[in-house]
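Before any comments, here is the structure.
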């Protein structure tokens, strides 16, 4: 007899669990249906894309670094030589450099 009472209490426990889940899911469905009626007929993805397009994003440091690397052109040997010569001509010539150029 006690086994029947134990079995009955377990059944009532499961019935209570499942009945409360279905009531909560019904209220969740009702709340989402009312929320979906307020979104102008757009899906969540469409609203996300619209919001991303509307916001102005600033570049992070990594993004700007990568874009600068992509925009920078590699120097050829001639370009690097001309730049080094241009930098050398703006610096004063030491006595040793002048002696080497005169001997050259």
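Tabulated data for the structure shown
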read-out	value
Failed criterion for residue 17 (all others in (1) within 31 Å of the chain's Cα centre (by Cα); (2) part of a helix (DSSP H, G or I); (3) modelled with pLDDT under 80 hold)	(1)
Failed item, numbered, when residue 32 is tested on (1) modelled with pLDDT under 80; (2) exposed (fewer than 10 other Cβ atoms within 10 Å of the Cβ); (3) under 31 Å from the mean Cα position of the chain (by Cα)	(2)
Of residues in region 39-82 being part of a loop (DSSP other than H, G, I, E, B) and surrounded by 10 or more Cβ atoms within 10 Å (Cβ to Cβ), the one nearest to the chain's Cα centre (by Cα)	59
Complete set of residues in region 83-97 that are exposed (fewer than 11 other Cβ atoms within 10 Å of the Cβ) and assigned to a helix (DSSP H, G or I)	84, 85, 86, 87, 88, 89, 90, 95, 96
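The values are calculated or read from the model by the stated rules, or taken from the named source; none is laboratory data. Nothing here was measured: the structure is a model prediction, and the numbers come from that model. Here the Cβ is made from the backbone with ideal geometry for all residues, glycine too, and neighbour counts use every protein chain on show.
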